[in-house]
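**Student:** Below is one structure. I have some questions about it.
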2 protein chains.
Amino acid sequence: MRKDLILEPWHIKMRSNDWVDDYAETIFFLGNGRIGCRGYIPFEPENRPIQQGLFLAGTFGEIKPRITDFVNLPTPVFDRILINNKPGRLTSEIVRDLDLEHSILTFEFTLNDTIQIKAERFFSSDDVRFMIQRFTIKAPSNVSITIDTGINEESCNCPVPDDQVKENTETINLSKRISLTHHNDSLIAKYLITGTHLKITEQLTIHTNDFEIKHTNEALMHLDAIMNPAASNDITTYSYEKFTQINSSRDINLSDSTPDVISFQNFYNKHLDFWKEKWDICDIDSNIIVKEFENSAKTITALRYNIFQLINNCSRLDPTVSIGARGLTHTRYKGCYFWDTDIFMLPFYLATDKEAAKNLCMYRINNLDAARDYAKKLNLSGARFPWMTSFDGSEQCETWDIGCSEIHITADVVYAINNYIQKYNDQDFYINHATELYIETARYWLSRYTYDSTGNTANLLFCKGPDEYCGITTNNLFTNVMVQHNLRLAIKAASDLKQDNTKTYNRLGISDSEIKAWSRLEKDIPWPRDPESGHLTTDDTFHLLEKVDISKLKPDDSASYHTTCFDRLQRYKVVKQADVILLMTRLPELFSKKERLTAWNDFEPLCLHDSTLSFASHALFAVQNGITDKAMYYFSKALFLDIYDVMNNTGKEGLHMAGMGEIWNAAYFMGLLKLKP
Amino acid sequence: MRKDLILEPWHIKMRSNDWVDDYAETIFFLGNGRIGCRGYIPFEPENRPIQQGLFLAGTFGEIKPRITDFVNLPTPVFDRILINNKPGRLTSEIVRDLDLEHSILTFEFTLNDTIQIKAERFFSSDDVRFMIQRFTIKAPSNVSITIDTGINEESCNCPVPDDQVKENTETINLSKRISLTHHNDSLIAKYLITGTHLKITEQLTIHTNDFEIKHTNEALMHLDAIMNPAASNDITTYSYEKFTQINSSRDINLSDSTPDVISFQNFYNKHLDFWKEKWDICDIDSNIIVKEFENSAKTITALRYNIFQLINNCSRLDPTVSIGARGLTHTRYKGCYFWDTDIFMLPFYLATDKEAAKNLCMYRINNLDAARDYAKKLNLSGARFPWMTSFDGSEQCETWDIGCSEIHITADVVYAINNYIQKYNDQDFYINHATELYIETARYWLSRYTYDSTGNTANLLFCKGPDEYCGITTNNLFTNVMVQHNLRLAIKAASDLKQDNTKTYNRLGISDSEIKAWSRLEKDIPWPRDPESGHLTTDDTFHLLEKVDISKLKPDDSASYHTTCFDRLQRYKVVKQADVILLMTRLPELFSKKERLTAWNDFEPLCLHDSTLSFASHALFAVQNGITDKAMYYFSKALFLDIYDVMNNTGKEGLHMAGMGEIWNAAYFMGLLKLKP
């Protein structure tokens, strides 16, 4: 738990004496969806290239054959100050200030008692190629100031194993510089990414009247302050602006024109236009929050922060990337895309940014062929989406039990796309993109289910539900119901294609008999019920599990897998996170009010909330079903998860984007936003 | 399939033009149980350090934190011949000859039409520290012969992933030389093994009257033939003998005296004494084989080969090692010890070598503390043996589904130890070693089973049986019945300890209530039955699987996982290898004849035999249950598995030791051996 942030209505601040603090670096992450950077201080005296993450959406490099990591790029957030040729001594607190309204981050501190330093940075949300920094140094005029600036090329990856209890200390450099040019006030460095052969260009330009720029043989420049020999006891202000344009060989939908004026102010003004418009749509309803929450001030900031980071982690114009589990804030889970986007984050973009939502759906459409290949590799038909994926749509999950068995992802993708189509009635998208995906996924499901010898029941064997503590089981309810939803959409899609797009209908070789088979499968998929109570339950083995005293298994909020191994947890009658409960928030219309409340009574007491997705889903369920006190309780738990580092992993792992999406969902249904349901 | 071996009653030979042939190198493996070497030719002109395996039992090195590989040691099987300072040209077939009666391997070939070369080697079975080689070269007297000999230090490992479909090409050197001394006719090199810090000493001595020995700065010597200038057109015979003594910092029960006479003949004579005695006990009954088998000549050789390699892969004097799945013949499965020893190989040693059998059981006893640690790590009680293990008794299996779920190993260990005690009535071993292991494993099982809400059934959740295509299932019959056997032995052990060794009884803190709990558990473990037929079945999910046409799934003898992935196979109604069938060979008395024949009728047609263990177990079952035609069929399939490379992996993976053990089992029950049941 951390309680040292200062929460103001539109600012998150921290005063501390530490240059280095991985929690602060996660919290003060800033980006524009395409590029993002952890909130570290460019002047910090240590060299910690691993944590100093600069990330570009979709930029993955190979760490072993066919397995990628999210590349920690060479970073222009790198400035070393020398005072009279020596490193300075920190003589004040460091003030970190993240301005949520204008999306700009500022650091201020004093060196050697008299030298005041201010560093500002933002990532243009208007021209997403650019990162802009400005540095202001106030120093006694007789002091010599020198800056080593440029690109820190020691950035590297320290791939985190999928297995949540394994650790790694080996680092790997994934960006190899292939060219370097210095020219007047700028340098251009080009990098080749290991394995994926992406090319990244970083063009860095320094504007300053106060320093003399000296080039080097590396991707560095020296800035020597131009001293004023006349006024030796006065304070002189030195400043420089640093513009970094980042391009990639995989860029799409990006401007390639040079901006008219390269100046901090010019970029900033356009950036503010974007944010003004964003907040007009996305802001909270503070009146309601003040009325309903005891700690309304903190709630207001936390909810704004949440929305702010959802905006800043989505590359809204790019249909070839999705949003990693930790956005652009960390390499945890190798930066991969999960169901997190489709199920938990998409609702925010659906409600606030049609283009972003459409592109997130297009990402899945663009990977349909990879999903076809994956199904074939598994000796199955149709298309099967991977549990974890990166740049090419291949499976990136390396643990067998999850990667092979947590297969609801394919139905989740369909659920997400259907929500986009329903929301915007995008018939073009439906007929030309979605229908094919619905049909191919239905084909996958038909080949993945196993009819028993009666021929009347189709079981989902050897699967794992959202409750990852369920072992490998049969008929996870969440999965089965989402699959039925997928099948119904495919059946309708086939009929719509037959009518509106016979070309595609024929190309896909759809037959009446397979539509009949989907229809039969949809009816023959069982809903698991507890054999004693008859209530809907997680899966076919849940009733066999051992009852356990949860207060002993999990005395505080940190995940129980830190003290009890997965193998043991799977035999306890607990759920890791919302599972049946989650299903009922997504397809509530399929369940009676009584069924929903029964499920809540059955499963809410058994939930360990060992996933950061869990609190918010419980809040959402509670608000949807009128369980007001629990809604408030879970909402507050979820809202401050990263801000207070509740699970002790915000620093080590980055921001929990899906949790943020689900909090937005709950807030939306609670009426806490300008935008009302 | 390979059919190019020449099988003679006591010899296996091959004539070929290839220096390099990984199948031949496996088949012509030779060792003395403690040391072993693949059958490669010391003179072969290529440098292929990976496949040229010299292995020392128990010598493992770390390839990643806490994971070891079986070290491919620097090897003295290394002699490069130069003729007039140039490499020779092979002008004859290479004749490989493995003499099973005397355990010696010979290569013969001709270079440059006129130079005949013979290399002999054996590993002393009398003094297991020694490997002995002799080289004889017949050349025209006017030809200059030079030999580079010594130790090839480029030997390295290419760790094979546990996952049977993954490949690796990266090599790793695990032996670092830490000292080297040359002295007269010998050199001594010491090596440090990565991670485990074992120290290995190789002392190499050359005896020759025909060569001048020159030392080098490396672990090499040059031999220059002493030419006879008088007789330039005659043929001169040059020979040298090469003795290598290998010691390790983990040696146990080994002589440390210097042999009286270091000579090929002296070592060989004592070696022959050992083998004469061995074959007196272990040989086949050729009269019966001639009577019963059509291809009796080949059967005789193959069965002798089988017995020969069982002897040559067991370090019979060492209670701190077991036998790897591929013995000393390959690093496949990282050289680890599996249930293969306890269930499939032990019967051979039990019948023929009490000391070897006892030491194999002691290996498990010596790792009881490691098994306790493993249980604790899994949040369970007692002691749990690892699926794969090497020098320190820790789990070496890296795939979750197998390592975590294929837990019958613990009951298999108990089964093996009990067989040793029953056979030799070793009461000292029983009271002082076995009882504690029985009790600790019973404690493990009590914590591993899960009582259902009725309180009358204890289910084994999330397990995997010998049939590794069963997915992750509930109540594997093999495991459940072996566990009951384990519990019964523990209950008796507790009672015996109470009476005969109260000190241990008290030290173990045995309580009446826990004995009662084991007793209750033993009764409450269910035997899975097919819900339609009521027949005993593999597990609780087997009846849900999909029927499949096996002839399509597996058109030939190569394993179906090469063409159909594990994920798909687990949903087919097939078994990978004997499972229910295997159980009934191990504890036949628990099943009626009718139950056994029913199981055969149910499961024999569903078996893919994708494990090399499977054919022989089917043979054994068939002979035990009087299904004579099938016994002969499966016995022949199994017997020639490696000799004909039936599964196309003998070269790539080494000899299938457990298969060899099970073939011996079947042969024993078929009465094909001197030793009768």
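Residues checked against (1) crowded, with 24+ Cβ neighbours inside 10 Å; (2) under 19 Å from B:Glu653 (Cα atoms); (3) away from chain A (no Cβ under 14 Å):
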position	(1), (2), (3)
B:Lys270	no, no, yes
B:Ile289	no, no, yes
B:Leu317	no, no, yes
B:Thr329	yes, yes, yes
B:Arg332	no, yes, yes
B:Gly335	yes, yes, yes
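**Student:** Additional query: One residue is enough: does region B:345-368 have a residue meeting the conditions in contact (Cβ under 8 Å) with a residue 40 or more places away in the chain, within 10 Å of the chain's Cα centre (by Cα) and in a helix (DSSP H, G or I)?
**Tutor:** Looking for residues that are in contact (Cβ under 8 Å) with a residue 40 or more places away in the chain, within 10 Å of the chain's Cα centre (by Cα) and in a helix (DSSP H, G or I), one finds at least one in region B:345-368, hence yes.
**Student:** If you go through region A:434-453 one residue at a time, how many are more than 13 Å from every other protein chain (Cβ to nearest Cβ) and of a type in the set (Ser, Thr, Tyr)? Before the answer, list the steps.
**Tutor:** Within region A:434-453, the subset more than 13 Å from every other protein chain (Cβ to nearest Cβ) is A:434-443, A:445.
After this cut, where a residue has to be of a type in the set (Ser, Thr, Tyr) as well, the list is A:435, A:438, A:441.
Looking only at that region, the number is 3.
So that you can scan it fast, the table gives a plain yes or no per residue for (1) at pLDDT below 95; (2) of a type in the set (Val, Ile, Thr):
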| position | (1), (2) |
| --- | --- |
| B:Val261 | yes, yes |
| B:Asp280 | no, no |
| B:Thr320 | no, yes |
| B:Phe344 | no, no |
| B:Lys354 | no, no |
| B:Lys358 | no, no |
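**Student:** While we're here: Restricting attention to region B:379-406, which residues are of a type in the set (A, V, I, L, M), over 29 Å from B:Arg250 (Cα atoms) and part of a loop (DSSP other than H, G, I, E, B)?
**Tutor:** Taking region B:379-406 first, the residues of a type in the set (A, V, I, L, M) are B:380, B:383, B:388, B:402.
Narrowing the set further to residues that are over 29 Å from B:Arg250 (Cα atoms) leaves B:380, B:402.
Passing the criteria: only B:Leu380.
**Student:** Name the residues in region B:146-186 that are in contact (Cβ under 8 Å) with a residue 60 or more places away in the chain, closer than 30 Å to B:Ile115 by Cβ and out of contact with any Asp or Glu (no Cβ under 8 Å at 6 or more places or on another chain), would you? Please lay out each step first, then the result.
**Tutor:** Going through region B:146-186, the residues in contact (Cβ under 8 Å) with a residue 60 or more places away in the chain turn out to be B:146-165, B:171-172, B:174-175, B:177.
Still in the running and closer than 30 Å to B:Ile115 by Cβ: B:146-155.
Once the filter is applied, which keeps residues that are in contact (Cβ under 8 Å) with a residue 60 or more places away in the chain, closer than 30 Å to B:Ile115 by Cβ and out of contact with any Asp or Glu (no Cβ under 8 Å at 6 or more places or on another chain), region B:146-186 yields B:Asn152, B:Glu154, B:Ser155.
**Student:** Next question. Pick from B:Tyr240, B:Tyr305: which is of a type in the set (Phe, Trp, Tyr), farther than 24 Å from B:Gly654 by Cβ and touching a residue at least 60 places away in the same chain (Cβ under 8 Å)? It would help to see each step written out before you state the result.
**Tutor:** Numbers: B:Tyr305 fails: farther than 24 Å from B:Gly654 by Cβ.
Residue meeting the stated conditions: B:Tyr240.
**Student:** Tell me which residues, restricted to region A:539-571, are closer than 20 Å to B:Asn456 by Cβ, at the interface with another protein chain (Cβ under 10 Å from one of its Cβ atoms) and buried (at least 16 other Cβ atoms within 10 Å of the Cβ).
**Tutor:** Scanning region A:539-571 gives A:Asp540, A:Thr541, A:His543, A:Leu544, A:Leu545, A:Glu546, A:Arg571.
**Student:** Just the residues that are part of a loop (DSSP other than H, G, I, E, B) and more than 30 Å from A:Ala57 (Cβ to Cβ), please, taken from region A:130-154. Before you say what the answer is, go through the steps one by one.
**Tutor:** Step one: list which residues in region A:130-154 are part of a loop (DSSP other than H, G, I, E, B), which gives A:141-144, A:151, A:153-154.
A:Ser141, A:Asn142, A:Val143, A:Ser144 - these are the residues of region A:130-154 that are part of a loop (DSSP other than H, G, I, E, B) and more than 30 Å from A:Ala57 (Cβ to Cβ).
**Student:** Can I ask one more? Filter region B:1-39 for residues that are surrounded by fewer than 18 Cβ atoms within 10 Å (Cβ to Cβ) and of a type in the set (Phe, Trp, Tyr); which is nearest to the chain's Cα centre (by Cα)?
**Tutor:** Only one residue fits best here, namely B:Trp10.
**Student:** Taking region A:454-465, which residues are more than 7 Å from chain B (Cβ to nearest Cβ), touching an Asp or Glu at 6+ places or on another chain (Cβ under 8 Å) and either more than 17 Å from A:Leu545 (Cα to Cα) or at pLDDT below 95 (or both)? Steps first, please.
**Tutor:** Restricting attention to region A:454-465, the residues satisfying the condition of being more than 7 Å from chain B (Cβ to nearest Cβ) are A:454-458, A:460, A:463-465.
Filter again for touching an Asp or Glu at 6+ places or on another chain (Cβ under 8 Å), leaving A:456-458, A:463-465.
Within region A:454-465, A:Asn456, A:Thr457, A:Ala458 meet the criteria.
**Student:** From the list A:Asp642, A:Asp610, which one is outside any helix (DSSP H, G or I) and closer than 29 Å to A:Gln484 by Cβ? Give the steps one after another, and end with the answer.
**Tutor:** Numbers: A:Asp642 fails: closer than 29 Å to A:Gln484 by Cβ.
Exactly one residue qualifies, and that residue is A:Asp610.
**Student:** Name the helices (runs of 4 or more DSSP H) wholly within region B:409-502 that hold at least 2 residues that are aromatic (Phe, Trp, Tyr) and either within 23 Å of B:Leu378 (Cβ to Cβ) or out of contact with any strand residue (DSSP E or B) (no Cβ under 9 Å at 6 or more places or on another chain) (or both)?
**Tutor:** B:409-424, B:435-448
Conditions tested, residue by residue: (1) under 19 Å from A:His330 (Cβ atoms); (2) surrounded by 21 or more Cβ atoms within 10 Å (Cβ to Cβ); (3) among the acidic types (Asp, Glu).
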| site | (1), (2), (3) |
| --- | --- |
| A:Ile41 | yes, yes, no |
| A:Arg48 | yes, no, no |
| A:Asn72 | yes, yes, no |
| A:Val77 | yes, yes, no |
| A:Asp99 | no, no, yes |
| A:Thr106 | no, no, no |
| A:Asn112 | no, no, no |
| A:Lys118 | no, no, no |
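Matching residues to (1) over 30 Å from A:Gly61 (Cα atoms); (2) buried (at least 16 other Cβ atoms within 10 Å of the Cβ):
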site: A:Thr216; (1), (2): no, no
site: A:Leu220; (1), (2): no, yes
site: A:Asp234; (1), (2): yes, no
site: A:Ser239; (1), (2): yes, yes
site: A:Ile246; (1), (2): no, yes
site: A:Asp251; (1), (2): no, yes
site: A:Asp256; (1), (2): no, no
site: A:Ile281; (1), (2): yes, no
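**Student:** What number of residues within region B:342-381 are in contact with an Asp or Glu (Cβ under 7 Å, 6 or more places away or on another chain) and within 14 Å of chain A (Cβ to nearest Cβ)?
**Tutor:** The qualifying residues number 2.
Residue-wise test of (1) crowded, with 22+ Cβ neighbours inside 10 Å; (2) hydroxyl-bearing (Ser, Thr, Tyr); (3) more than 14 Å from every other protein chain (Cβ to nearest Cβ).
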site: B:Val574; (1), (2), (3): yes, no, no
site: B:Asp579; (1), (2), (3): yes, no, yes
site: B:Glu595; (1), (2), (3): no, no, yes
site: B:Asn601; (1), (2), (3): no, no, yes
site: B:Asp610; (1), (2), (3): yes, no, yes
site: B:Val623; (1), (2), (3): yes, no, yes
site: B:Lys630; (1), (2), (3): no, no, yes
site: B:Leu639; (1), (2), (3): yes, no, yes
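**Student:** Given the criteria in contact (Cβ under 8 Å) with a residue 60 or more places away in the chain and more than 30 Å from B:Arg529 (Cβ to Cβ), does B:Tyr572 qualify?
**Tutor:** On the way: in contact (Cβ under 8 Å) with a residue 60 or more places away in the chain: yes; more than 30 Å from B:Arg529 (Cβ to Cβ): no.
The answer is no for B:Tyr572.
**Student:** Looking at (1) more than 25 Å from B:Ile252 (Cα to Cα); (2) within 14 Å of chain A (Cβ to nearest Cβ); (3) of a type in the set (D, E, K, R); (4) surrounded by fewer than 24 Cβ atoms within 10 Å (Cβ to Cβ), which is the only condition B:Arg304 fails?
**Tutor:** Result: B:Arg304 fails condition (2) only.
**Student:** With the requirement that a residue be charged (D, E, K, R) and surrounded by 15 or more Cβ atoms within 10 Å (Cβ to Cβ), what does region B:155-181 give you?
**Tutor:** Filtering region B:155-181 down to residues charged (D, E, K, R) leaves B:162-163, B:166-167, B:170, B:176-177.
Of everything in region B:155-181, those that are charged (D, E, K, R) and surrounded by 15 or more Cβ atoms within 10 Å (Cβ to Cβ) turn out to be B:Asp162, B:Arg177.
**Student:** Follow-up. May I ask you to list the residues in region B:17-33 that are aromatic (Phe, Trp, Tyr) and assigned to a loop (DSSP other than H, G, I, E, B)?
**Tutor:** So the first thing to find is which residues in region B:17-33 are aromatic (Phe, Trp, Tyr), and the list is B:19, B:23, B:28-29.
Across region B:17-33, the qualifying residues are B:Trp19, B:Phe28, B:Phe29.
**Student:** Quickly run through region B:196-214 and pick out the residues that are surrounded by fewer than 18 Cβ atoms within 10 Å (Cβ to Cβ) and under 30 Å from A:Lys64 (Cβ atoms).
**Tutor:** Residue satisfying the conditions is B:His197 alone.
**Student:** Here's a follow-up. When the residues of region A:478-535 are narrowed to those that are away from every other protein chain (no Cβ under 14 Å), over 21 Å from A:Ala434 (Cα atoms) and charged (D, E, K, R), which ends up surrounded by the most Cβ atoms within 10 Å (Cβ to Cβ)?
**Tutor:** A:Arg520
The values are calculated or read from the model by the stated rules, or taken from the named source; none is laboratory data. For clarity, every value in this text was computed on a predicted model and none was experimentally measured. Positions of Cβ are backbone-derived with ideal geometry, glycine not excepted, and every protein chain shown enters the neighbour counts.
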